[in-house]
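Trainee: Below are the structure tokens for one structure; questions will follow.
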Amino acid sequence: MECLGADQIYLYLEGELNKGETAVIKEHLSVCPGCRKALADSKLLLQTASSLPAWDVPPGFTQQVMGHLFPFRPALSQVLLTATIGSFFIITGLLFTFIYSGQSLFNFLVSLNRTIFEGLSSLTVLGARLIKLAALVVKVLYRFSGYLWESFGRLTNILSPEVQAGLIIFTLFISASLYVGFKRKLLVGEKR
Amino acid sequence: MIDDKELIHRTLAGEKEAFEMIIQKYQQPLVNYIGRTVGNYEQALEFTQEVFIKTYASLHTYQPHYKFSTWLFKIASNYIIDFWRKKKIDAFSIDQQDQSGNKIYPIQIADKGPSVSKHYELSQLREKVEAALQKIPPALRELFVWRHMNDFSYEEMAEIKGLPVGTIKNRVFQAKEMIRKHMEDF
């Protein structure tokens, strides 16, 4: 018998051959040192591969996947329960305050209402004042821009087009000069 | 242990805990398979999660005459193939050469050259197998991992891939030979 194919060796190692094939291979291995060495080599490879440590799954991975599959949505009963418990604590707190303050329940509720009302009314007054101030600023700016526009209109009626053009050029020149002047002033001491 | 089909039946009936048990049962083999196939731990966890989400979404299409693990790994395999396609990784041309340009080996007489074991310790051998595994074509790597790390039978692998058993055996053999050759080169 000629030497074993590499595929035969692997299938033999994995127990994938029938009894007849297995017997023939065993017989050949008993007389062929080369194939025995190849067998040992292949066996080592498969054993090493099978013994590789498994990749770890981090703790909480299952919960993470479940969290993606079923995002938490509180049921209506849970919401109602939370609201009931919350209300209970608020009422209990109010009762304790009432007992320790020594006031009658009526007076306590009146003072509580008054405090809330005063706080709200102060905030309302402050808001109203701010709105009034903003309205005043807008009014002044509007009037000022109106006067400016009117003056400019009157001036263009008095002056001839040539003088107007001259004034525009003069204004532009002054603006450019100021711009260049400021720039130089700012660059003093810097390398050119 | 509760049977997979029973767990699926319960999940479809609205019992979330049943699917949680499925996740607990298969998360380790899936992370192991996906991790070793794509070669990245973070991606392995992300892909495993996506595979479970896809599985849950299509659980109503599961046909009980299939083995559940086969169906689950088919979903995982398709997910990885999609990933390779998007990344334009050539995982499919396994008949010509591997990633290093080495030719894939035809079935041949057993190699009696230098031993892959030489005088290495087991830990060193493991490192070499891991390194060699990442050098072979992804499609062969996947089959090798299934066979020798997930302990799938050739018949199960053939069912997952929709290929004849002989083809699968030949490809797993090619994977082993390539790994062995790479180990000789190290």
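The values are calculated or read from the model by the stated rules, or taken from the named source; none is laboratory data. What you see is a predicted model, and the numbers here were worked out from it, not measured in a lab. Because the Cβ atoms are built from the backbone with ideal geometry, glycine has one as well, and the counts that use them run over all protein chains shown.
Trainee: Which pairs turn up if I take residues in region A:75-94 that are surrounded by 10 or more Cβ atoms within 10 Å (Cβ to Cβ) and look for partners that are in a helix (DSSP H, G or I) with beta carbon separation below 9 Å, at least 6 apart in sequence or on another chain?
Mentor: A:L94/A:F108; A:L94/A:L109; A:L94/A:L112
Trainee: Between A:G86, A:G67, which is within 30 Å of B:I34 (Cβ to Cβ), outside the structural domain of A:L11 (by TED's automatic domain parsing) and either part of a helix (DSSP H, G or I) or of a type in the set (D, E, K, R) (or both)?
Mentor: Details: A:G86 fails: within 30 Å of B:I34 (Cβ to Cβ).
Answer to the selection: A:G67.
Trainee: Quick check, is A:L76 modelled with pLDDT of 90 or more and within 56 Å of the chain's Cα centre (by Cα)?
Mentor: On the way: modelled with pLDDT of 90 or more: no; within 56 Å of the chain's Cα centre (by Cα): yes.
It is false that A:L76 is modelled with pLDDT of 90 or more and within 56 Å of the chain's Cα centre (by Cα).
Trainee: Could you tell me which numbered condition A:S50 fails, if it satisfies all but one of (1) within 14 Å of chain B (Cβ to nearest Cβ); (2) of a type in the set (S, T, N, Q); (3) in contact with a Lys or Arg (Cβ under 9 Å, 6 or more places away or on another chain)?
Mentor: (3)
Trainee: A further question follows. Can you tell me how many residues within region B:39-92 are of a type in the set (A, V, I, L, M, F, W, C), closer than 19 Å to B:I8 by Cβ and outside any helix (DSSP H, G or I)? Before you say what the answer is, go through the steps one by one.
Mentor: Filtering region B:39-92 down to residues of a type in the set (A, V, I, L, M, F, W, C) leaves B:44-45, B:47, B:51-53, B:57, B:59, B:68, B:71-73, B:75-76, B:80-81, B:83-84, B:89, B:91-92.
Keeping just the survivors that are closer than 19 Å to B:I8 by Cβ gives B:51-53, B:57, B:59, B:68, B:71-73, B:75-76.
Among the residues that remain, those that are also outside any helix (DSSP H, G or I) are: none.
Result for region B:39-92: 0.
Trainee: Every residue in region B:49-73 that is at the interface with chain A (Cβ under 10 Å from one of its Cβ atoms) and within 12 Å of the chain's Cα centre (by Cα), please.
Mentor: Across region B:49-73, there are no qualifying residues.
Trainee: Shifting gears a bit: Taking B:A131 as the residue in question, decide whether it is farther than 30 Å from B:F68 by Cβ and modelled with pLDDT of 90 or more.
Mentor: Yes.
Trainee: Determine which single condition B:A76 fails, assuming it passes every other condition in (1) at pLDDT 95 or above; (2) away from chain A (no Cβ under 14 Å).
Mentor: (2)
Trainee: Pick from A:K183, A:K139: which is part of a helix (DSSP H, G or I), exposed (fewer than 10 other Cβ atoms within 10 Å of the Cβ) and charged (D, E, K, R)?
Mentor: On the way: A:K139 fails: exposed (fewer than 10 other Cβ atoms within 10 Å of the Cβ).
Criteria check complete, one pass: A:K183.
Trainee: Quick check on this structure: which one of A:A40, A:A6 is within 8 Å of chain B (Cβ to nearest Cβ), aliphatic (A, V, I, L, M) and surrounded by 15 or more Cβ atoms within 10 Å (Cβ to Cβ)?
Mentor: Values: A:A40 fails: surrounded by 15 or more Cβ atoms within 10 Å (Cβ to Cβ).
Just a single option satisfies the conditions, and that option is A:A6.
Trainee: Restricted to region B:19-48, and to residues that are more than 9 Å from chain A (Cβ to nearest Cβ) and of a type in the set (V, I, T), which residue is surrounded by the most Cβ atoms within 10 Å (Cβ to Cβ)?
Mentor: Ranking the candidates gives B:T37 first.
Trainee: Still on this model: Can you find a residue that is among the polar types (S, T, N, Q) and away from every other protein chain (no Cβ under 12 Å) anywhere in region A:26-35? Working first, answer last.
Mentor: Start the filter on region A:26-35 by keeping residues that are among the polar types (S, T, N, Q), which leaves A:30.
If we keep only those that are away from every other protein chain (no Cβ under 12 Å) too, we end up with A:30.
Looking through region A:26-35, at least one residue is among the polar types (S, T, N, Q) and away from every other protein chain (no Cβ under 12 Å).
Trainee: Further, regarding this structure: Do you know which residues across region B:127-186 are in contact (Cβ under 8 Å) with a residue 60 or more places away in the chain, part of a loop (DSSP other than H, G, I, E, B) and more than 12 Å from the chain's Cα centre (by Cα)?
Mentor: The answer is B:Q134, and nothing else.
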